[in-house]
Amino acid sequence: MQIDIYIAENNFLIKEGLKAIIKSVPGFNLVGEITNAKNFHKELLNLQPHIIILDYTNPDVQFDKLAIKLSFLPQTRILALTPMHNRGLIASALHKGVFSHILFECDRQEIIDAINFSAKGEKFFCGKIIELLLSGSNESNIDAVISKVNCDPIRLSDREIEIVRLVAEGYAAKQVADQLCLSIHTVNTHRKNIMAKLNVNNTAGLVMYAIRENIIAPNKFLFSGISAA
């Protein structure tokens, strides 16, 4: 599947970095970038990209107006890429149409994963975003926090299943990162996304899920080694 991507970012370094990543990944197709704020929304309606990468705090984006116009683009999803903000601002952006959310500090692989997940209709959040949204809340499910609870079955990607398997087998984050050629930050981000999806809050919960779904055999993990991390 080709993923058509539009970059709505006018910071030169960030925009060029995104373009370099997109052009380096097979299946990613850069269809446009913001050059004129006045024509931005019209351009999106014409291009109908699968993914719009934007910083909703950028006044040129006119995010509130964009959120309304997205009703005419049902296949288009907003991937927010911003600096860290407060919980209220992020939650408000999610309510207004942001589908997935990562931060400027996220690494290359996290950006690629966020694009792939979002294009498949699966939300992706940087681990720090999840922590912030869940802070001060009794909810342990990210969808509940942003009032988007549904009864859809839990879907884990092949990468997420592999991470669950390794964590359930007792590998530490660095060992998982080394085996999958990822950064520790990326592994932790995936782990937090998985835990939010599964509505579990510790490693024991991941182990029990892995056993229940036959990702690992019951005797594959030494239960005395389970931590509450």
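All of the numbers you see were taken from the coordinates with simple rules; none came from a lab. All values reported here derive from a predicted model rather than from experimental measurement. Quick reminder, even Gly has a Cβ in these numbers, built from the backbone with ideal geometry, and neighbours come from all protein chains shown.
If I stretch the segment between LYS65 and ALA172 completely, what's the gain in nm (0.36 nm per residue apart, minus their alpha carbon distance), one decimal?
Working: separation 107, 0.36 × 107 = 38.52 nm, distance 4.46 nm.
Separation in residues times 0.36 nm, less the Cα-Cα distance, equals 34.1 nm.
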Net charge over other residues, Cβ less than 11 angstrom from the Cβ of PHE28 (K, R count +1; D, E count -1): +1
With unit charges on the beta carbons (Lys and Arg positive, Asp and Glu negative) and the dipole taken about the Cα centre of segment 158-225, which residue among ALA168, ALA204, ASN214 sits farthest to the positive side? ALA204
Of GLN109, GLY88, LEU73, which is farthest along the charge dipole of segment 3-145 in the positive direction, counting Lys and Arg as +1 and Asp and Glu as -1 at C-beta? LEU73
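Once the Cβ-Cβ distance between GLU105 and ASN36 is put in as r, and R0 is 45 Å, what FRET efficiency do you end up with, to the nearest 0.05? Please list the in-between numbers first.
Working: r = 29 Å, r/R0 = 0.64.
That gives a FRET efficiency of 0.95.
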Under 19 Å from the 7 Å Cα→Cβ point of ASP158, by amide nitrogen: which residues of segment 1-35? 1-3, 25-28
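Any of LYS19/LYS197; LYS65/LYS123; LYS15/LYS65; LYS120/LYS197 with alpha carbons more than 24 Å apart? Name them for me.
Details: LYS19/LYS197 30 Å; LYS65/LYS123 22 Å; LYS15/LYS65 22 Å; LYS120/LYS197 15 Å.
From LYS19/LYS197; LYS65/LYS123; LYS15/LYS65; LYS120/LYS197, over 24 Å: LYS19/LYS197.
Give the peptides 27-36, 106-115 in descending order of average Cβ contacts within 10 Å, highest first.
Values: 27-36: 15.1, 106-115: 20.3.
In decreasing order of mean packing, 27-36, 106-115 become 106-115, 27-36.
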Please list the non-local residues whose amide H lies under 5 Å from the amide H of GLU33, H modeled 1.01 Å from N, same-chain partners needing a gap of 5 or more. ILE7
By average C-beta atoms within 10 angstrom, highest first, the peptides 18-25, 168-175: 168-175, 18-25
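First measure r as the distance between the Cβ atoms of LYS15 and ASN86, then evaluate 1/(1 + (r/R0)^6) with R0 = 25 Å and state the FRET efficiency to the nearest 0.05. Kindly include the intermediate steps, with their values, before the conclusion.
Details: r = 25 Å, r/R0 = 1.00.
After rounding, the FRET efficiency stands at 0.50.
What list do you get for GLU160, GLU9, GLU105 if you sort them by fewest beta carbons within 10 Å?
Working: GLU160 19, GLU9 24, GLU105 11.
With the fewest neighbours first, GLU160, GLU9, GLU105 line up as GLU105, GLU160, GLU9.
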Once the other residues with Cβ under 15 Å from the Cβ of PHE12 are scored (Lys, Arg +1; Asp, Glu -1), what is the net sum? -3
